[in-house]
Each structure stands twice: as C-alpha cells, then as structure tokens.
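Contents: one structure, followed by commentary.
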Amino acid sequence: MFARLQKDRRRLLGLALLIYILPFILHNPYYLTVLNLSALNILTVCGLTLLIGYAGQISLGHAGFWALGAYGSALLSLHTGWSPWITTLLALLGTIGLAALMGVTILRLRGNYLVMATLAFNLAVYFFLVEAEDLTGGPPGLPGIPPYKLGPLVLASDLAAYFLIWTVLLLILFLTFNLVHSSEGRALKALAASETAAACLGINPHWYKVLAFVLSAAYASLAGSFYAHYLSFISPKTFDIFFSVELVAMSLFGGRGSIWGAVLGAGTLTPLPHLLSFFDEYRDLIYGALLMGVLIFFPQGLMGLLERVLRSKSSGLKS
Amino acid sequence: MGEILKLQTVSKSFGGVKALRGVSFSLEDGEILGLIGPNGAGKTTLINVISGLLKEDQGHILFEGHSLKGLSPWQRAALGLARTFQHIQVFADLTVLENVLCGLHRQRKTSFWAHFLRLPAAVAEEKDFESRAYQALALVGLKEKASWEAETLPYGEQKKVVLARSLVSNPRLLLLDEPAGGLNERETEELGQILLKLKTKGMTLLLVEHDLNLVMNICDRVVVLNQGEVIAMGSPLEIQKNNRVLEAYLGK
C-alpha cells in the first residue's frame, strides 16, 4: 500500500527532475509550446482516467469543461479586471458546481446513454460559445486575455508558462497519487470492477461516480484556464467534440486505469502530430494507424506494454 | 440472545414465477443458520432480497429491529449486513490486501480531502486498516499472498479473499452464498473451520450451501426452502429425518 505510493512518488520525482532540466537543453520556444500543451492535456487526461479507468464511466464531453475553465476565467478577468489567479479559481468552483449538478442527474444513466448525455453537454457549450457572440466573441474567438502574474513577474513567455504549468501539473499528479492509493482510489477501482460487489461492501456507487466526474471536470477546467491565460487567445473551435474524443483516445492509448498511462498517453499523443508533420498529408493516416494499432494489439495501452516489457526483462534476468 | 434478522412473509415474483412465497424465519444473534434447498428453491433470490439487490414484492425484513425497507445495498452494508456472492467477485486491478481493505470502507471516518492531501488522520486510518486487513488475511490463511494481484490467485483462494473482504469489518451478519461451491474437500473443510471461528467471534452467519455435509457439520439450525416456501426448520438432525425434506430432495 504505502510501497506503491512511494514507488509512484519516486517516479514523480524523476519526472520532475527531467521537466526542470529540459528547458536548459531545449532552446527552441516551439518545443516549449508543445510541451506546455502536452502538460495541459496530461492534466485533463489524468482526470479522465479517474473517471474512465477508476470509476468505470465514460465521457465524451470533457472539452466542454475545458471550455468552461477557459472562457469562464478569460471573460471574468477581461470584464472585471481581477487577477487571473482569482478568475481561474472562480471558474474552477463554477465548473465544480455545474459538474456536481450534472453528475447527480446524468450519472444515473449507463453506458451509451451517459456518452450521449456528455456529448450533448459538449455540443451545447460549443454552440453557446459560437452563438453568444456579444459575450464570447463568437467563432472568431476571444483575444487579449491577460496572463498570470507573480508579483512584478508577468508569466507570459513560453518559458515562464512552462514552469508554471508543469509545476501545477506535478503538484496535481502528487495529489492524485495520494488519492488513488487511498481508500477513495480503492473504492473507485472496486466500482469499476463490480458495482454490485462494491455496493455490498458499503461503497455508495452513485457518490463515487459523481466524485470522479466532478474531479475530472475540475482538472479539465483548470487546464482550460491555464490554456486561456497562457495563449491569450481562445476560440470555440478548440473545444469541439473532436477534442473530447481525442482526450478519451489519449486516456485509452496510455492505458486506462493508470495515472502514469494518462501521462504517457497525453504526453506522446499531443506532440505526435507535430513530430509527424514531416509526413505532410500522410500525417493523420499514420496518427490514426498508430492509435488503432496500440488499441487493438495492446488493449492495456502503452502502460500495459511497458509493464509487460519490464516484467519479461526482470524474469529473464532471474532465469 | 435476540433476533438479529427477521423475515416476515417475504414474497418475490419474476413475471409469473413465484420465486419466494411468504418466507418467514429469523436468525438468532450469534448462530450459524443453514439455508438449503434444491436448485431453483429461491435461496439466492432470498439473499439478494435481504442484501437489497432485489426488492421484495411483499413482506418485511427487520435487521436488529429496524426495517430495511427502501435502503439500498450500500446502506444495508453500512449497517453491518455483509454478503458474499456465489460467483466470486474479486476486484480486478487490486492486490489481495487492497481487496480486503475495500471491506473496511464502511468504517471510514476520514473525508475525501484528508486522503487527497494525505493528512495525518488519513495515514493513521490507513495503517489501522492495513493491520486489520492482515488479521483477516491471516484468518483465511492468505497473509503471505497479500501483495499478489487478486485475479492471479487460484479459484479457491479468490473465494477466501472475498470472504476476508466481507468479514474484515466485523459485520453483525454475514450472508454467504455458496461459499464452498467449486472448492475441493480439503478447502471445504478449511472453510468450515474459518466459519466456526467467525461464530466464536460473535458473528451471525446465514449460510446458503449445496454441500450438505458442511451445513450439517457447522450449522446450529437449518431452514429448508423448496419452490419459494419454507418446508422445514430445525436442528441438522431433525432436518435429516424430515420426510418433506427427503421428498423435496429425492422426489417421490
């Protein structure tokens, strides 16, 4: 129990070291931008993993929560002049409230119905952003979103945003590992394995589904806010259902049910299109083929593949 | 000794099939009550109704004097009414120890935040739970395999994990749905010993079982169900001599 948490904390420390050294090696700001976007996707997919892999529920609407975080915080800071830190927090609280309301009602649905409900939510958010032009700026987008500030320091550059976003992500990963290695995480896993058996141990299935849903929405909202204040420009196109699908794909690609899978999945699939840009029009084809290949041949995702390789290596050493 | 569970004319139908017809009996505090009957007698249906997975059409179920009407399975479990399933259900992706720890869920006193931030209260509770889970694993003889993935254990041992998981929180009443199903003779004997130990710890057991040997050896009383009706009730010896029971089992 404690051993597993310690192991994940050691790995996290390794990741942190890598992250804080990387900017001294990479000098191209383009790489930093891609890494920043990766971090935001990892954050969101990490939440989705709690929902999909732990609680056993699926959502195709998390781009909607990302949009709530992005537009909520951006509009608040633009209209009130409040610090982005405060508006980020307010957008987060608002999203949590809405997700809790939604969770209590739609998580009574199962399987396909739940997927449809979350999809409908995403579409509703998307069309609202497109149609409510006076408020949101409509399809052309919303420019001039103020960046985060730390005292006199304006965190607008790619490098500053890199340290900010990755530090937040590492902190949240730390807390998430606390959670998954506690009775809360076990209750969620039990729920994904067998709802009936879990309920017969006194685990309230509905409560834990709502908890996972709200947490995943909160992670997405946070990612959205950081995205908005980092890029200073957002438009509805970013938050369509294809982004929701992509997020779920990242979770499955990395290995559902594993937080490290979320890190791997989003951490490889976000930069991949940029790496594949070399192939021009074949890019999407290769991306799709790779995704399908992993999901067909390694249903446990990259993390499952990695664990299998490590296991066979260690058993090979023993024999 | 009082009654811990009381069933009053409990009935349940599935469409036109009457699975339970006015079943009434009660469990005394601290006894092992065997519930037997031919296939399709309604034993599993009855356990599902008591644990709240199915809703009775008619009748009342009282647990420690309180009606269970309207309570969902998790609420009944939280009251101290635990059960196991005929077809084992270890939680995949969790180790043996983690599976057993899930059984302590109903006794949690810490909040989500305590675990998210890993506050001292949460750590202390985890430590306490862990030592209790080890005790339960020692009781079923699986302490050495605590860190195994539960799914990788052989069938008989998985059943023990499920048993440890449901008894770790010291429930008042434990409903066991065919715990010996699929076990070999030696394993069944071990199971009997474990169940007797639980009895000495003050737990009340309702044992649904096909293995009549086990039932006759460890039960204080036996209730016989046939076609949804209680046809006999009494000590194991009385049941063995009861003509209606012999008829139901052997046909006439």
Exercise. Residue by residue through segment B:87-128, note down the ones that are more than 7 Å from every other protein chain (Cβ to nearest Cβ) and either buried (at least 16 other Cβ atoms within 10 Å of the Cβ) or β-branched (Val, Ile, Thr) (or both).
Key: B:Ile88, B:Val90, B:Thr95, B:Val96, B:Asn99, B:Val100, B:Leu104, B:Gln107, B:Thr110, B:Ala114, B:Val123, B:Glu125
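For A:Leu201, indicate whether it is over 30 Å from A:Ser157 (Cα atoms), of a type outside the set (Gly, Ala, Ser) and either within 10 Å of chain B (Cβ to nearest Cβ) or in contact (Cβ under 8 Å) with a residue 12 or more places away in the chain (or both). Break it down stepwise before answering.
Values: over 30 Å from A:Ser157 (Cα atoms): yes; of a type outside the set (Gly, Ala, Ser): yes; either within 10 Å of chain B (Cβ to nearest Cβ) or in contact (Cβ under 8 Å) with a residue 12 or more places away in the chain (or both): yes.
Here the answer is yes, as A:Leu201 does meet what is asked.
Could you count how many residues in segment A:175-196 are of a type in the set (Ser, Thr, Tyr), in a helix (DSSP H, G or I) and within 8 Å of another protein chain (Cβ to nearest Cβ)? Please lay out each step first, then the result.
First, the residues of segment A:175-196 that are of a type in the set (Ser, Thr, Tyr): A:176, A:182-183, A:194, A:196.
From what is left, the residues that are in a helix (DSSP H, G or I) are A:176, A:183, A:196.
Next cut, within 8 Å of another protein chain (Cβ to nearest Cβ) only: A:183, A:196.
Matching residues across segment A:175-196 total 2.
Let me confirm something: among A:Tyr219, A:Tyr227, A:Tyr208, which residue is modelled with pLDDT of 95 or more, part of a helix (DSSP H, G or I) and more than 18 Å from the chain's Cα centre (by Cα)? Reasoning before the result, please.
On the way: A:Tyr219 fails: more than 18 Å from the chain's Cα centre (by Cα); A:Tyr227 fails: more than 18 Å from the chain's Cα centre (by Cα).
So the residue among A:Tyr219, A:Tyr227, A:Tyr208 that is modelled with pLDDT of 95 or more, part of a helix (DSSP H, G or I) and more than 18 Å from the chain's Cα centre (by Cα) is A:Tyr208.
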Exercise. Report yes if some residue within segment A:35-54 is touching a Pro at 6+ places or on another chain (Cβ under 9 Å), of a type in the set (Ser, Thr, Tyr) and at pLDDT 95 or above; otherwise report no.
Key: yes
Exercise. Starting from residues that are within 22 Å of B:Leu246 (Cα to Cα) and of a type in the set (S, T, N, Q), keep the ones in segment B:31-65 and report whichever is surrounded by the fewest Cβ atoms within 10 Å (Cβ to Cβ).
Key: B:Asn39
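Take segment A:136-174 and flag every residue that is in a strand (DSSP E or B) and surrounded by 17 or more Cβ atoms within 10 Å (Cβ to Cβ). First the steps, then the outcome.
First, pick out the residues of segment A:136-174 that are in a strand (DSSP E or B): A:142, A:149-150, A:153-154.
Correct list: A:Leu142 only.
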Quiz prompt | Where a residue in segment A:252-281 is modelled with pLDDT under 85 and its partner, wherever it lies, is of a type in the set (D, E, K, R) and assigned to a helix (DSSP H, G or I), with Cβ under 6 Å and at least six apart | solution = A:Leu276/A:Arg283
Exercise. Please enumerate the residues belonging to segment A:84-116 that are at pLDDT below 95 and either surrounded by fewer than 20 Cβ atoms within 10 Å (Cβ to Cβ) or of a type in the set (Asp, Glu) (or both).
Key: A:Val104, A:Thr105, A:Arg108, A:Leu109, A:Arg110, A:Gly111, A:Asn112, A:Tyr113, A:Val115, A:Met116
Quiz item: Can you tell me which residues in segment B:160-198 are basic (Lys, Arg), within 14 Å of chain A (Cβ to nearest Cβ) and in a helix (DSSP H, G or I)?
Solution: B:Arg165
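The values are calculated or read from the model by the stated rules, or taken from the named source; none is laboratory data. Given the structure is predicted, the values throughout are model-derived calculations rather than measurements. No Cβ is skipped: glycine too gets one built from the backbone with ideal geometry, and neighbour counts run over all protein chains shown.
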